[in-house]
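Contents: one structure, followed by commentary.
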Amino acid sequence: MQYAINIADMAKLPAVVIAFLIEPVCPGRQVVDAEPRRIDGTAVLLECSADHAEIIVRTLRQRWPRNLMRCYQSQTGESWKRM
């Protein structure tokens with residue numbers, strides 16, 4: 001299972017959240033097109049275990065709801081589902 005976080009939505013996050021929660025698990029800064037039909041549909045891939053990525057998403061969800069912070073999940077890396 002792969003997880004990704006929308007790049008445009010990350011601009012709304014405080015710098016400390018990005019520095020300590022997201023940057024350490026994105027060393028390659030791989031960008032995926034999670035929502036191909038949207039101009040702001042690109043996301044950064046979380047390069048960690050599925051359990052670790054799920055905890056990161058849950059932590060973000062405590063403060064930012066689905067409509068403000070788009071997180072994605074994919075089985076294959078080809079098609080992404082918003083969580």
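Quick note: the coordinates plus some simple rules give every number you see, no bench work behind them. Because the structure is a prediction, the values reported are computed rather than measured. Here the Cβ is made from the backbone with ideal geometry for all residues, glycine too, and neighbour counts use every protein chain on show.
Working note: Karplus 6.51/-1.76/1.60 with θ = phi - 60° gives the stretch 53-66 the couplings 5, 5, 5, 4, 4, 4, 5, 5, 5, 5, 10, 10, x, 3 Hz, where Gly and Pro are set to x. Checking (1) -0.40, -0.47; (2) -0.24, -0.28; (3) -0.29, -0.34 against the coordinates, the calculated log10 I(q)/I(0) by the Debye sum over Cα atoms at q = 0.11, 0.12 Å⁻¹ falls under label (2). If you filter the stretch 1-61 for trypsin sites (Lys or Arg not before Pro), then keep DSSP loop positions with at most 12 other Cβ within 10 Å, what is left? Within the stretch 1-61, the qualifying trypsin sites (Lys or Arg not before Pro) (loop, at most 12 other Cβ atoms within 10 Å) are Lys12, Arg29, Arg37, Arg38. Charged neighbours of Arg70, selected by a Cβ distance under 10 Å, balance to 0 (K, R count +1; D, E count -1). Note on Ser49 and Met10: the model spin-label points, each 7 Å out from Cα along the C-beta direction, lie 2.3 nm apart. About its Cα centre, the stretch 2-82 has a charge dipole of approximately 380 debye under the convention of +1 per Lys or Arg Cβ and -1 per Asp or Glu Cβ, with nothing else charged.
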